[in-house]
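No lab work stands behind these numbers, since they all come straight from the coordinates. No experiment lies behind these values; they were computed from the predicted model shown. Cβ atoms come from the backbone with ideal geometry, glycine included; neighbour counts cover every protein chain shown.
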Amino acid sequence: MLKFILGGLAVLLLAASVVLWMLRPGAPRPVGSAAPDFELQDQHGKVHRLADYAGRWLVLYFYPRDDTPGCTEQACRLRDDIGVLGDLDAAVVGVSVDDVASHAAFAEKYRLPFPLLADADGRVAAAYGSLLNLGVVRFARRQTFIIDPNGRIAAHFTKVDPASHVQQVAQALRSLRPSPSP
């Protein structure tokens, strides 16, 4: 009986180890390092690259799925405050592992004025340490990176509350931008 219990316990420990291994996030690049490059299509089929945003601030946000409650709230709040971020010379780009068609429907339904990039194979999310791979199901963790005009990671948000996140990003942009000369 003891041998059976110990064998069962060993199987449970092995299974738990596999699950924890699969849930581990990739290591995100540290603040100050070069942002990983990307080349992905948006909801209109247009290809976007990191270099397209050179010379301005980029709010690159990763989100799990189109048209889900938290992702919709986050996208709509970004939409509603796009002017505030634009006044801070920041472009907004969303990334998930959903495909172009899903992004197109989501962006049209909520009139999103910024690109949603389709990272169907999860490579970009993985490069940013944002991919959660459960084997059968993969999605991007809700994280945001602020990339400076020189292509370096200036800020990284891992705890994102869709309701208040835009204000956090705007505050970070204000503090990161150089003060105007008198």
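With neighbours defined as other Cβ atoms within 10 Å of a residue's Cβ, the residues Thr158, Thr72 order from fewest to most as Thr158, Thr72.
Rg over Rh for region 106-179 works out to 1.00, using Cα positions for both radii and the Kirkwood form for Rh.
If each Cα of region 45-128 is one equal point scatterer, what is log10 of I(q)/I(0) from the Debye formula at q = 0.14, 0.24, 0.26 Å⁻¹? With one equal scatterer per Cα and no solvent, log10 I(q)/I(0) is -0.45, -1.31, -1.46. In a fully extended conformation the segment linking Ala51 and Asp80 would gain 7.8 nm over its present Cα-Cα distance, using 0.36 nm per residue. The fewest-to-most ranking of Arg49, Arg142, Arg79 by surrounding Cβ atoms within 10 Å reads Arg49, Arg79, Arg142. Among His44, His165, His156, His103, sorting on how many other beta-carbon atoms sit within 10 Å of each Cβ, with the fewest leading, yields His44, His156, His165, His103.
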